[in-house]
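Okay, structure first, notes after.
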Amino acid sequence: MTASTRRSEAVEADIMMYDLLVVGGGINGCAIAREAAINGLSVLLVEKDDIGAHTSSASSRLIHGGLRYLEYYEFRLVREALRERERLLQAAPHLIRPLEFVVPQSGSQRPSWMVRAGLFLYDWLASSSMPRSRRLNAKDRLLRLALKTADSGFVYWDAWTDDARLTLANALDAAELGAEVWTRAGLVSAQREGDQWEVALDTGQSVRARALVNAAGPWVSELLNRIGVTTKSKVRLVKGSHIMVSRLYHGRQAYLLQQPDGRVVFALNYDSDFTTIGTTDVPVDTPEDPRIGEDEIDYLIGAANRHFQYPIGRHNVVHSWSGIRALYDDGADDASAVTRDYVLELDTHGPAALSIFGGKITTARALAEDAMAKLAPVLGLSKVKNSRGRAFPGGDIGDFDAFLEQVRTRFPFLGDSRSLRMARAYGSRLFDMLDGVESEAAMGRAFGDGLTAIEAKWMRSREWALTAEDALMRRSKCAVHMTEAEREDFVRWWNSEDGAVELEI
């Protein structure tokens with residue numbers, strides 16, 4: 001039975017009952033749904049838009065401990081994030097890869113001894129298999145390759161991820177463990193009736209649940225008002241924006257650029273053509289339709305031009321994105337100083353409601369584990385299982401480089417660029433997608449940037465991609481490399497009978 005069939009039957013049958021209703025399909029909601037399903041609970045996750053459509057597809061795409069958080073004495077958060085970094089590298093080696101970061105010291109507001117001490121503490125808290133940080137001198141190629149005036153610096157290691165696909169991987173695993181995931185299904189109202197929640201969705205459906213999780217991210221306060229729950233905690237909305245420009249330097253390394261105002265900005269190469277620069281920290285009042293501001297563009301251009309040899313201007317910006325981070329409001333005056341830690345607040349005045357404040361993509365799995373520990377007593381779980389040793393869908397590949405070689409040997413017609421992109425996106429699931437495919441022609445119609453009909457239909461039937469934007473911007477990122485004509489052609493095909501397939505999740 002397909003997900004769409006289950007949903008239509010729910011309208012005709014009695015109102016469906018679940019142990020847990022998770023509201024919000026960002027990284028936190030999907031991770032909680034996954035942990036709940038691991039524990040054998042009946043779970044429904046509802047998302048008013050697409051999986052990861054907002055904050056969870058608009059990050060800096062880093063899995064990291066948060067080196068700069070050490071300045072705010074967030075030692076517990078950094079240690080937890082670094083432990084999660086190691087777990088995620090093992091659980092999703094296709095989606096997450098180690099990344100070398102260069103920290104130039106020229107013009108830094110922080111003395112070298114302070115940066116060296118911070119990196120030493122970072123290494124110690126990590127206790128990982130990654131290389132340890134080290135000092136660079138002016139002759140080191142990592143400084144000479146791209147930077148204008150860098151007479152010294154440091155190197156340390158963290159990791160990169162595809163944020164939208166990591167969020168999707170959590171949702172996929174939750175579904176394969178028995179959870180139901182409904183996209184384009186927003187919560188209209190929820191009332192406590194006896195020992196359960198009575199919930200109405202904007203699809204016209206109603207469901208019941210023994211407990212409700214408010215993982216609405218930037219909309220957490222709005223949802224609290226809608227369901228009539230009062231909490232002590234508050235959320236702080238901060239916009240983070242990024243720009244993408246033509247590639248500024250060679251190599252796979254990233255740069256952490258220290259700014260005169262004390263902030264840091266990351267520069268990372270994306271594919272073979274672009275460099276991304278971000279992020280900003282701009283307080284906002286509402287989460288609706290975040291867009292990069294003119295002052296943010298100028299700030300990020302200035303951040304790059306202080307350091308890189310190749311100067312850029314507004315004409316070099318080929319793409320930008322902005323996301324609203326829903327941070328726990330700890331009262332800090334400066335948006336950059338607001339904690340990136342999370343707070344979980346459980347209300348048990350009737351059937352339980354757990355609200356999520358803050359968090360970051362790196363610690364989403366740990367947050368979900370903590371959420372289950374809070375929910376376990378009210379849901380009758382005497383022992384809580386966790387996902388610490390569980391691979392994400394497609395993650396059972398071992399060493400990624402060896403896996404990529406297998407892919408290229410099995411499917412030589414993919415070519416180097418497409419095989420790398422698809423191996424990263426799907427991991428071992430790529431063998432399922434291309435089962436029986438022996439040539440490029442057998443992949444169906446080509447749309448540009450290596451995207452073909454077989455992959456597009458996989459995203460639609462297996463990954464909840466309901467619109468062309470879902471497929472191009474979040475599932476594949478192919479839109480970045482496609483021409484406007486290619487994108488328009490894909491949209492026409494997607495909306496035609498040829499592009500329509502039945503959802504199989």
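The values are calculated or read from the model by the stated rules, or taken from the named source; none is laboratory data. The structure presented is a predicted model; accordingly, all values stated were derived computationally and were not measured. Please note: Cβ atoms are built from the backbone with ideal geometry, for glycine as well, and neighbour counts cover all protein chains shown. Keep in mind that these areas ignore ligands, DNA and RNA; they rest on the heavy atoms of the full protein, side chains included. Shrake-Rupley method; radii C 1.70, N 1.55, O 1.52, S 1.80 Å.
Out of LEU381, LEU466, report the one residue that is assigned to a loop (DSSP other than H, G, I, E, B), hydrophobic (A, V, I, L, M, F, W, C) and either in contact with a strand residue (DSSP E or B) (Cβ under 9 Å, 6 or more places away or on another chain) or open to solvent by 60 Å² or more (accessible area, probe 1.4 Å) (or both).
Residue meeting the stated conditions: LEU466.
Conditions (1) among the hydroxyl-bearing types (Ser, Thr, Tyr); (2) within 20 Å of the chain's Cα centre (by Cα), marked per residue:
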| position | (1), (2) |
| --- | --- |
| ILE312 | no, no |
| VAL318 | no, no |
| TRP321 | no, yes |
| TYR342 | yes, yes |
| PHE357 | no, yes |
| ALA366 | no, yes |
| ALA391 | no, yes |
| LEU414 | no, no |
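Output the residues belonging to the stretch 230-248 that are in contact (Cβ under 8 Å) with a residue 40 or more places away in the chain and open to solvent by 10 Å² or more (accessible area, probe 1.4 Å).
Selection gives THR230, THR231, LYS232, SER233, LYS234, VAL235, ARG236, LEU237, LYS239, SER246, LEU248.
When you check PHE411 against the structure, is it in contact (Cβ under 8 Å) with a residue 12 or more places away in the chain, surrounded by 21 or more Cβ atoms within 10 Å (Cβ to Cβ) and more than 28 Å from GLU35 (Cα to Cα), yes or no?
Against the criterion (in contact (Cβ under 8 Å) with a residue 12 or more places away in the chain, surrounded by 21 or more Cβ atoms within 10 Å (Cβ to Cβ) and more than 28 Å from GLU35 (Cα to Cα)), PHE411 qualifies.
Report yes if ALA456 is open to solvent by less than 10 Å² (accessible area, probe 1.4 Å) and either part of a helix (DSSP H, G or I) or within 22 Å of LEU172 (Cα to Cα) (or both), otherwise no.
It is true that ALA456 is open to solvent by less than 10 Å² (accessible area, probe 1.4 Å) and either part of a helix (DSSP H, G or I) or within 22 Å of LEU172 (Cα to Cα) (or both).
Which is within 28 Å of the chain's Cα centre (by Cα), at pLDDT 95 or above, among the aliphatic types (A, V, I, L, M) and over 30 Å from CYS30 (Cα atoms), of VAL155, VAL188?
It is VAL155.
Could you identify the single residue in TYR328, TYR299 that is open to solvent by 50 Å² or more (accessible area, probe 1.4 Å) and in contact with an Asp or Glu (Cβ under 7 Å, 6 or more places away or on another chain)?
TYR328
Could you tell me whether any residue of the stretch 477-498 is within 17 Å of ALA169 (Cβ to Cβ), surrounded by fewer than 23 Cβ atoms within 10 Å (Cβ to Cβ) and under 25 Å from the mean Cα position of the chain (by Cα)?
yes
Kindly list the number of the only condition in (1) buried (at least 20 other Cβ atoms within 10 Å of the Cβ); (2) without any contact (Cβ under 8 Å) to a residue 24 or more places away in the chain that fails for ASN225.
(1)
Which one of ALA164, ALA159 is small (Gly, Ala, Ser), open to solvent by less than 20 Å² (accessible area, probe 1.4 Å), closer than 24 Å to HIS94 by Cβ and in contact with a His (Cβ under 7 Å, 6 or more places away or on another chain)?
Just a single option satisfies the conditions, and that option is ALA159.
Counting just the residues of the stretch 256-273 that are in contact (Cβ under 8 Å) with a residue 60 or more places away in the chain, outside any loop (DSSP other than H, G, I, E, B) and out of contact with any helix residue (DSSP H, G or I) (no Cβ under 9 Å at 6 or more places or on another chain), which one comes out nearest to ARG325 (Cα to Cα)?
That would be PHE266.
Hey, can you tell me all the residues within the stretch 309-325 that are crowded, with 21+ Cβ neighbours inside 10 Å and either at pLDDT below 95 or among the basic types (Lys, Arg) (or both)?
ARG325, the sole residue that qualifies.
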